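Participant: Structure incoming, see below.
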Amino acid sequence: MISTRGASAWRIHWIGGIGIVLGFLLRLDQIETQILADDEWHSLHYLQHHGYLDIASHFGALADYCIPLTLLHRLLYETVGITELALRVVPLAAGIAILIALPLLLRPSIGDLAAGILTLLLAVFPLYVYVSRSVRPYSVALLLALVAVVALHRWLQDGTRRHAIAYVVCAALAPWFHLTVVPFVFAPLAWEVLRRLRGSALPTGPRLETLLAVGAAAAAAVLLPLGPPLLRDWGAIANKIGGAEFVRETWREASTLVSGTSHPLVIALWCALAGIGLAVLSRREPALVRVLVVAALFQVSAILVLQPPIAQAGIVFVRYVLPVTGVLVLGVAVALATWIERSHSRRGTRLRKLMCVVLVVAWVASGPLPEIHRRPNEWTNHGGLQFDYDMEKSYFATEIQPRSIPAFYQTLAAMEPGEVTIAEAPFHYEWHKNVFLYYQRVHRQHTIVADVNELTAHSSPAFRSDDRGARLRNQLPLVDLVRLRARGVRFVILHRDLRTEIRGWAYPDPTPDMAPVIRFFELRCGQPVASDQQLVAFDLQRCTATARRRAAAVDPALEIR
């Protein structure tokens, strides 16, 4: 039985207190040095060429940007300027808020102890740490969807206006941040309406007319921001239906992500605990479990039926059913709390609580977080670390990880870790074209990336050096040596052709001609400190004022800032 003795409105169990501290530490670790990449560029691509009205009334060519986040990013771009940390504030805030909001909402149903354990699990769950640190809407949609469904349950039980309002607000906002959560937030209410119509529900809680009114209010609130883009840009949504072919590898990858580990026995134990916990909770709070299970089943079913493109990738499938993972985490928390509370002595209860914390620590230690948060690491969200927690079997290990490590990185490895900062160029923003994570694992120095757009005819996602709306610290124009040195960059590493370094490159994308870039640095910094078939490295300390003047005399068109 799950105890709710002594539950007060804002009291936090000591296990939950540990979770909140760990949640802050993991979400903020090295956050200011993280480099924007892959899907994080979706909103930045769009805002550079479109205004607020266009952003609010479209989903993007591939329905790939989040409307509210892109509107916020556009506001930053036009006012204080875009920085990496500013872009991450909203996902970070949502990732931290869920540690407090969800356990507090659930505590009347699951008790103090289970709420504390839930906080701890939410804090260290690798998938939630990842989405909280990503400039994408997943952590916001996760928070809003789970709070919406729990608020709906609370309203169905007590009929209070505040829970109805919380449901309507969260159910309306969640799809605006990520449209895929519609089944999760609306299916439980629709199910309850059907139960009332069939007469299978007890005559308690809100009346049928009230249910329909709240549902209509939530639907209208959803359509208020989403109506214009649905009418004007339906083709973008249509393009997101069909194309996925779910295979065995989909479920293998997904199983590691939803359990936070790559060990089969631990995956099995996690799933078993989730099932046991939900079964225990269903005996005490059947209405809560019914709401959660209906939401989860409809969410998963919708994705399986709609088959969004590339959802066969485990990480994509899991992101589309992300709120469902919260139901599993809740089940594990209840199972552990039940095991603790079935102790027959106070001493045994204390011992089991400590054992619970130790088990969670062991689970975390056996999972991906220790590898992800090695220092320094400017690539904590890299697909090689986050798309499959069995990293040795992942697509990145077999197709992207370079076969060999250039010798200059071994030279850097002889220095103290984090002693210098290097700038890597050119930069392909997609994870599957990015090997810099694997090089940093060897050299262990701080890394930023540099754009070569203004030195070659190549065009890659970047802001121009004279763009006042961009104040990125970790991605700088290579042409601007002053900013590179101000950022603390010691070595600039120019890769001749990254296609030759990536193990399984199979893309038609052109790579920049690096010859003029190399010449640019030779004129300003003299001879490189390292040069081989793969890269050329220059020491910025050799770029003296005299060298700059000599370079300008040789080629005034390339005068640096």
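The values are calculated or read from the model by the stated rules, or taken from the named source; none is laboratory data. Because the structure is predicted, anything quoted here is derived from the model rather than measured. Virtual Cβ from ideal backbone geometry, glycine too; neighbours counted across all protein chains shown.
Participant: Return the residues of the stretch 419-431 that are surrounded by fewer than 20 Cβ atoms within 10 Å (Cβ to Cβ), in contact (Cβ under 8 Å) with a residue 60 or more places away in the chain and more than 16 Å from A537 (Cα to Cα); say none if nothing qualifies.
Facilitator: E430 - this is the single residue of the stretch 419-431 that is surrounded by fewer than 20 Cβ atoms within 10 Å (Cβ to Cβ), in contact (Cβ under 8 Å) with a residue 60 or more places away in the chain and more than 16 Å from A537 (Cα to Cα).
Participant: Also: Name every residue in the stretch 375-391 that is charged (D, E, K, R) and either free of Cβ contacts under 8 Å to residues at least 40 places away in the same chain or within 17 Å of A254 (Cα to Cα) (or both), in order of residue number.
Facilitator: Of the residues in the stretch 375-391, the ones charged (D, E, K, R) are 375, 378, 388, 390.
The answer is D388, D390.
Participant: Take the stretch 157-167 and flag every residue that is surrounded by fewer than 24 Cβ atoms within 10 Å (Cβ to Cβ), assigned to a helix (DSSP H, G or I) and not basic (K, R).
Facilitator: Taking the stretch 157-167 and keeping what is surrounded by fewer than 24 Cβ atoms within 10 Å (Cβ to Cβ), we get 157-166.
This time we only want the ones that are assigned to a helix (DSSP H, G or I), so: 157-158, 161-166.
Once the filter is applied, which keeps residues that are surrounded by fewer than 24 Cβ atoms within 10 Å (Cβ to Cβ), assigned to a helix (DSSP H, G or I) and not basic (K, R), the stretch 157-167 yields Q157, D158, H163, A164, I165, A166.
Participant: Looking at the stretch 520-544 only, could you name the residues that are free of Cβ contacts under 8 Å to residues at least 40 places away in the same chain and touching a Leu at 6+ places or on another chain (Cβ under 9 Å)?
Facilitator: Hits for the stretch 520-544 are F521, L523, C525, P528.
Here's the yes/no breakdown for (1) modelled with pLDDT under 95; (2) of a type outside the set (V, I, T); (3) touching a Pro at 6+ places or on another chain (Cβ under 8 Å):
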position	(1), (2), (3)
P370	no, yes, no
R374	yes, yes, no
E378	no, yes, no
F408	no, yes, no
T411	no, no, no
A414	no, yes, no
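Participant: Further question: Give the stretch 206-243 a look and list any residue that's in a loop (DSSP other than H, G, I, E, B) and either in contact with an Asp or Glu (Cβ under 8 Å, 6 or more places away or on another chain) or farther than 22 Å from L292 by Cβ (or both), or say none. Can you show your working first?
Facilitator: At the first step, the residues of the stretch 206-243 found to be in a loop (DSSP other than H, G, I, E, B) are 206-207, 233, 239-243.
Passing the criteria: R207, D233, N239, K240, I241, G242, G243.
Participant: So in the stretch 266-315, with the set limited to residues that are without any contact (Cβ under 8 Å) to a residue 40 or more places away in the chain and either outside the structural domain of V147 (by TED's automatic domain parsing) or buried (at least 18 other Cβ atoms within 10 Å of the Cβ) (or both), which one is farthest from W155 (Cα to Cα)?
Facilitator: Of everything passing the filter in the stretch 266-315, I267 is farthest from W155 (Cα to Cα).
Participant: Just wondering, is there one or more residues in the stretch 15-35 that are surrounded by fewer than 22 Cβ atoms within 10 Å (Cβ to Cβ), aliphatic (A, V, I, L, M) and over 19 Å from the mean Cα position of the chain (by Cα)?
Facilitator: Yes: the stretch 15-35 contains one or more residues that are surrounded by fewer than 22 Cβ atoms within 10 Å (Cβ to Cβ), aliphatic (A, V, I, L, M) and over 19 Å from the mean Cα position of the chain (by Cα).
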